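Reviewing the structure listed below.
What follows draws every value from the coordinates through simple rules; no lab data is involved. This structure is a prediction, so every number in the text was calculated from the model and none was measured. Reconstructed Cβ throughout: ideal geometry from the backbone, glycine too, with neighbour counts over all protein chains shown.
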Amino acid sequence: MLVRHGLRNRPWPRAWRAPDLRAAYDVVIVGAGVHGLATAYYLARNFGVTNVAVIDKGYIGGGGSGRNTAIVRSNYLTPEGVAFYDRSVKLYEQLAAELNFNVMFSQRGHLTLAHNDSSLRTMRWRAEVNKLQGVDSEVIGPDEIARLVPFMDVSEHTRYPILGALYHPPGGTIRHDAVNWGYARAADAMGVEIHQQTELLGIDVVDDEVVGVTTSRGHISTPVVVNCTAGWSSLISAMAGITLPISTHPLEAAVTEPVKPFLHTVVVSGTLHVYVSQTDRGELVFGASTDSVASYSMRGSLAFCEELAGHVLELMPSLSKLRVLRQWAGLCDMTPDFSPVMGVTPVQGFLVDVGWGTYGFKAGPVSGEAMAELIATGKTPEMIAPFDLARFPEGRLVGEKGAAAVGH
Amino acid sequence: MLLVPCPWCGPRGSAEFRFVGDASSRPDASAPKPDEWRAYLYAQANEADWTTETWYHRAGCRRYFKVERHRVSNEVRSAP
């Protein structure tokens, strides 16, 4: 049927509507990325709340949701983190069937390399925390790494010898655009309105309560505003008078020209600040750690490419002739404890789902599910309770640095 | 790469420096209030605008100093 339609030279049916902005909604979600769209989708599906507007100043999945390196895993360090991301993996596993949209989830296995004794110790710790919670995760040695990744240099005399790895078989990659589009189409079909090219200009707060928002296309009355943005989350929260513990840092990534499939797992090295996977098209996708200098700039840099190439060749010397096709950057909202900020704020009706650093995409489904529950029932689900904004003034940080700082 | 104007060494590449963060002022240590200190520790203005920030010239004169930088364009100028 697809082929028949393609040959007829007629316009394709739209996957979602482009409606006029109405004067009032029950819920306004800011940001049409995976977090905002998943929140809208689960609000409609699980709770029947469909009088919802998702607004975005750009287009669907144009921010972090379309710029990440599409890696999904759940082998975190803290029990809170493991439970949370494991739920996300479970939701991703059934997503294609549920949305009737091929999200190309490939659970090809995920390797986090250890180059020194202390990281090997953290891997062991993570593996045990993971296994206790029923997540498949194990520390493996160089022999098995060489078997899984034949091109890897596991010899002893390299600058950063590979001592072992945390192997996480259910981890893998997913087509991030397909996830965004699938959620958008399904939410739209249930009545949610998605407004692209609609910039949030202000949030109206009266007596510490949200009453509406001003957008570039007009004013909306609403009792609930959910900040599901990345990069701009501080600026949007400031509109409601909320200061977040967030610093925005760019993260650069790059892809090479496509080659035959040879890399069947995701490989991450925290020490070398690099992670790599091969797409179904054959391109190698590389990412790095965030730039240590806070910035909203999304320009690529030569310094990044040079450093990346050095680190990749340290791991896989045989890639030296591969050419980089393109590079880009996305914005990561970093929190002090490498965990998100989710839930209610001191302003009634202003909710946040922000501070997703470098791990936001893999948490999209579970965040949407939990935020939808919070919006619909008014009660914070237990799963996201540790990630509340009040943990900073109260001094109970989560501490996910060992697993989230670079590990994708 | 950014060129950071070190008041002692002149403009140098940012790889020589450590970006410390916003140039915020410490709360009064003689009358400590937990809220103030936690806000000092964690809260960030994170503006997409000109900001005054602290840098450390770790591979140079090892001084801490302030610069102004635009967080969107990355344009840098010496703090007054």
Out of segment A:205-244, which residues are within 14 Å of chain B (Cβ to nearest Cβ) and either surrounded by 24 or more Cβ atoms within 10 Å (Cβ to Cβ) or within 15 Å of A:Gly36 (Cβ to Cβ) (or both)?
A:Asn227, A:Thr229, A:Ala230, A:Gly231, A:Trp232, A:Ser233, A:Ser234, A:Ile236, A:Ser237, A:Leu244
Being in contact with a strand residue (DSSP E or B) (Cβ under 8 Å, 6 or more places away or on another chain) and of a type in the set (S, T, N, Q), is that true of even one residue in segment B:22-43?
no
Within segment A:287-308, the residues that are in a helix (DSSP H, G or I) and either of a type in the set (Gly, Ala, Ser) or facing chain B (nearest Cβ under 9 Å) (or both) are A:Leu302, A:Ala303
Could you tell me whether segment A:83-90 includes any residue that is touching a residue at least 40 places away in the same chain (Cβ under 8 Å), farther than 30 Å from A:Val34 by Cα, part of a helix (DSSP H, G or I) and out of contact with any helix residue (DSSP H, G or I) (no Cβ under 7 Å at 6 or more places or on another chain)?
no
Scan A:Leu251, A:Leu284, A:Leu272 and give me the residue that is more than 14 Å from every other protein chain (Cβ to nearest Cβ) and touching a Phe, Trp or Tyr at 6+ places or on another chain (Cβ under 9 Å).
A:Leu272
Residue ranges of strands (runs of 3 or more DSSP E) in chain B with at least 3 members within 12 Å of chain A (Cβ to nearest Cβ)
B:18-22, B:50-56, B:64-70
Check off (1) touching a Cys at 6+ places or on another chain (Cβ under 9 Å); (2) surrounded by 14 or more Cβ atoms within 10 Å (Cβ to Cβ); (3) among the hydrophobic types (A, V, I, L, M, F, W, C) for B:Trp8 and give me the number that stays unchecked.
(2)
Pair list, Cβ < 7 Å and 6+ apart or interchain, from segment A:221-248 residues that are without any contact (Cβ under 8 Å) to a residue 24 or more places away in the chain to residues that are in a loop (DSSP other than H, G, I, E, B):
A:Leu235/B:Ala48; A:Thr243/B:Ala43
Which members of segment A:157-190 meet the condition of being touching a strand residue (DSSP E or B) at 6+ places or on another chain (Cβ under 8 Å) and closer than 18 Å to A:Asp56 by Cα?
A:Ala184, A:Ala187, A:Asp188
Of the residues B:Ala39, B:Ala48, B:Ala43, B:Ala59, which single one is over 24 Å from A:Gly355 (Cβ atoms) and more than 11 Å from the chain's Cα centre (by Cα)?
B:Ala59
Taking segment A:2-38, which residues are touching an Asp or Glu at 6+ places or on another chain (Cβ under 7 Å) and not small (Gly, Ala, Ser)?
A:Trp16, A:Arg17, A:Pro19, A:His35
